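The values are calculated or read from the model by the stated rules, or taken from the named source; none is laboratory data. Only a predicted model underlies this, so the values are computations on that prediction, with no experimental measurement involved. For neighbour counting, all protein chains shown are included, and Cβ atoms are generated from backbone atoms with ideal geometry for every residue, glycine included. In case anyone asks, the SASA skips ligands and DNA or RNA and just uses the protein heavy atoms, side chains included. Shrake-Rupley method; radii C 1.70, N 1.55, O 1.52, S 1.80 Å.
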Amino acid sequence: MINVDDIRAKLLSKELSVEEVVAAASVNAKAKESYGAFLELYDGLEDQITYAQKLIDEKGEDAPMLCGIPIALKDNLLVKGETATAGSQILKGYTCPYDATVVAKLREQGAIFLGRTNMDEFAMGSSTEHSSWQKTLNPVDDTRVPGGSSGGSAAAVGLDIVPIALGSDTGGSIRQPASFCGIVGLKPTYGTVSRYGLMALGSSLDQIGPLTTNVRDAKYLFDAVKGVDIKDATTREGNEVSVSKKMKIGVPRDLMKEGVDPDVLEHFEASLEKLKSEGHEIVDVKFETAKYGIPVYYIVMPAEASANLARYDGVRFGPRVDAKDFNDSFSKTRTEGFGEETRRRILLGTYVLSSGYIDAYYNSAEKARGVMRKELSEIFEDVDVLATPSTAGPAFKFGAKSDPLAMYAQDIFTVPANLTGNPGISVPMGEVERDGVQLPVGIQFIAPHFGEERLFTIASEVTGEEYTK
Amino acid sequence: MVDKEDVQRLAELARINVTEEEKETLAGEMSDIVDFVSQVQEISGDAEPVLEHKNVMREDGEPHEGGIYTEDLLKTAATAKGKNIVVPKIVSND
């Protein structure tokens, strides 16, 4: 698969120009259009290409790492002058008035925005089937979903169209599609990457992060977009987390007793064996609150979503359905503009926040979240990282999870890190066979806050990459 | 347990219209979900505050030039007139 180092080497040696690299990506994207990874390929990249080529010509080796590299952006990130819809009809035709902070950073560094990628509406889903625009097919097996909600970004990388893409992860929306598409996905520590210009789903959970073909590229992209931002008051600097050569890896096996496919577990155990043979220590840990992750998440996230999505009123953005008065117009616009899952979650969020129920649900969930956070920080006093499978099984067929609770169960291993703000990475750990097709599955590592470097180090041992900080 | 009346009330609060048929389906689905998430009440123990974030203030000075974003922001509105966003009538007589 293509990667940043290879493309960069060719750009620096002048074997390829930025224009040629971008043209190749565009041709490839058009050839693979039937997979539905992109909602739109941006026009008018000439200025970006000229700027990147100039940086490379003038600075050579000192040009920013991602200079001249084509990147795909999830449809919930704002790119000035371009359309962004978060997968929703309610933002049909919305033109972004400014750049998201991550986009502005990448623009300055000379990365080339190839296009915007498909996603579940407002990032609500784990299969990209909730996009109001189109289906996205899994790059490995086109009868299966790519995962979600960053399914388009994962497919664009999995199809080898771009080496890197940005997604957002609220409950697993980067790591789960990475696992399903056989690539690397990182959800950074809450507060490391600015959310300014990211359309909000659950503001205390959302984090923007990379989807890439290898661990090193995930590090390059993370480094390119991270940093404190005055426009996002939740961004902050963390203390450096040490990285030892030989790590103590905690495995919460209680969580895997049921519901995980046996061949996924086999690959998981084999990956741990490999790490053990390389000198790492594997220990069982109890992470008792983790089993409450999904119920806690499905209170907090809809609650925050119902508040965040109140802004879609047909007044300031998107189309409006006119009616006899403001309230009627407000309701009609939202009814037509929001899809089924979005409406369900808004109603659920409204329910858990309503006066009779807020203590029983929302406040209990917030308390539970604090208990989980405490338990996890105590676990990290003893171990360097936690390891779990990224998902309980490989990519599923379209329509296989039509029951909302079955879809929600997808996030079992990924939600705890969002609830506690910890960083998590998914990297491919092998393939399992379904209906005669080999499907990728991922292993997830979770580290203490700001412990991304630990994640890159241990994950690259699984993928067998050379990795140095 | 979420019933059809609950769904109707929530839908009104959230400014979403639901048909009779949707009320039925949503009441069923939401009851299942609410039952499932009720488990959170079982969790006990010491909690660590979830957010360590502080309010971040900036110096109240050096404002940007007035009006430089107005045009771009007005463009995203469904209807605008001059420097105003036009909305349907808010107070109705009936």
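The condition (being among the aromatic types (F, W, Y) and over 17 Å from the mean Cα position of the chain (by Cα)) is satisfied by just one residue among A:F413, A:F396: A:F396. Yes or no: region A:390-405 includes at least one residue that is closer than 20 Å to A:M124 by Cβ, open to solvent by 20 Å² or more (accessible area, probe 1.4 Å) and hydroxyl-bearing (S, T, Y). Yes, region A:390-405 contains at least one residue that is closer than 20 Å to A:M124 by Cβ, open to solvent by 20 Å² or more (accessible area, probe 1.4 Å) and hydroxyl-bearing (S, T, Y).
Set side by side, the residues A:Y297, A:Y351 differ, and just one is modelled with pLDDT of 95 or more and either surrounded by fewer than 21 Cβ atoms within 10 Å (Cβ to Cβ) or facing another protein chain (nearest Cβ under 8 Å) (or both), which is A:Y351. Please indicate, with yes or no, whether at least one residue in region A:412-422 is open to solvent by 30 Å² or more (accessible area, probe 1.4 Å) and not basic (K, R). Looking for residues that are open to solvent by 30 Å² or more (accessible area, probe 1.4 Å) and not basic (K, R), one finds at least one in region A:412-422, hence yes.
Conditions tested, residue by residue: (1) in contact with a strand residue (DSSP E or B) (Cβ under 6 Å, 6 or more places away or on another chain); (2) without any contact (Cβ under 8 Å) to a residue 24 or more places away in the chain; (3) of a type in the set (A, V, I, L, M, F, W, C).
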| residue | (1), (2), (3) |
| --- | --- |
| A:V352 | no, no, yes |
| A:G370 | no, yes, no |
| A:L405 | no, yes, yes |
| A:T414 | no, no, no |
| A:T420 | no, no, no |
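If you go through region A:63-119 and pick out every residue that is of a type outside the set (G, A, S), more than 14 Å from every other protein chain (Cβ to nearest Cβ) and open to solvent by 10 Å² or more (accessible area, probe 1.4 Å), you end up with 8. Any idea which residue in region A:374-389 is farthest from A:P440 (Cα to Cα), counting only those that are open to solvent by less than 10 Å² (accessible area, probe 1.4 Å) and away from chain B (no Cβ under 11 Å)? Only one residue fits best here, namely A:V383.
Looking only at region A:47-91, how many residues end up being of a type in the set (A, V, I, L, M) and in contact with a Lys or Arg (Cβ under 6 Å, 6 or more places away or on another chain)? Result for region A:47-91: 1. For region A:311-323, a residue qualifies if it is open to solvent by 40 Å² or more (accessible area, probe 1.4 Å) and more than 7 Å from chain B (Cβ to nearest Cβ), and exactly one does: A:R311. From the list B:S38, B:S31, the lone residue that is touching a residue at least 24 places away in the same chain (Cβ under 8 Å) and either more than 8 Å from chain A (Cβ to nearest Cβ) or surrounded by 10 or more Cβ atoms within 10 Å (Cβ to Cβ) (or both) is B:S31. Residues of region B:4-21 that are open to solvent by less than 60 Å² (accessible area, probe 1.4 Å) and charged (D, E, K, R): B:D6 alone. If you go through region B:45-53 one residue at a time, do you hit one that is farther than 20 Å from A:A303 by Cα, open to solvent by 90 Å² or more (accessible area, probe 1.4 Å) and either at the interface with chain A (Cβ under 10 Å from one of its Cβ atoms) or outside any helix (DSSP H, G or I) (or both)? Yes - at least one qualifying residue is present in region B:45-53. Listed by position, the helices (runs of 4 or more DSSP H) contained in region A:387-469 that have at least 1 residues being touching a His at 6+ places or on another chain (Cβ under 8 Å) and over 23 Å from A:T136 (Cβ atoms) are A:452-463.
As for region A:48-57, it holds no residue that is open to solvent by less than 40 Å² (accessible area, probe 1.4 Å) and assigned to a loop (DSSP other than H, G, I, E, B). Among the residues of region A:25-47 satisfying the criterion of being in contact with a Leu (Cβ under 8 Å, 6 or more places away or on another chain) and assigned to a helix (DSSP H, G or I), which is surrounded by the fewest Cβ atoms within 10 Å (Cβ to Cβ)? Residue satisfying both the conditions and the ranking: A:S34. Residues in region A:225-269 that are out of contact with any Phe, Trp or Tyr (no Cβ under 9 Å at 6 or more places or on another chain), closer than 23 Å to A:I174 by Cα and open to solvent by less than 10 Å² (accessible area, probe 1.4 Å): A:V225, A:V264, A:F268. Exactly one residue out of A:E273, A:E237, A:E258 is farther than 18 Å from A:K469 by Cα and at pLDDT 95 or above: that is A:E273. Filtered by the rule that a residue be within 8 Å of chain B (Cβ to nearest Cβ) and either of a type in the set (V, I, T) or outside any loop (DSSP other than H, G, I, E, B) (or both), region A:329-348 gives A:S329, A:F330, A:S331, A:K332, A:R334, A:T335, A:R343, A:R344, A:I346, A:L347, A:L348.
Within region A:194-224, if we keep just the residues that are polar (S, T, N, Q) and surrounded by fewer than 21 Cβ atoms within 10 Å (Cβ to Cβ), the residue that is nearest to B:K54 (Cα to Cα) turns out to be A:S204.
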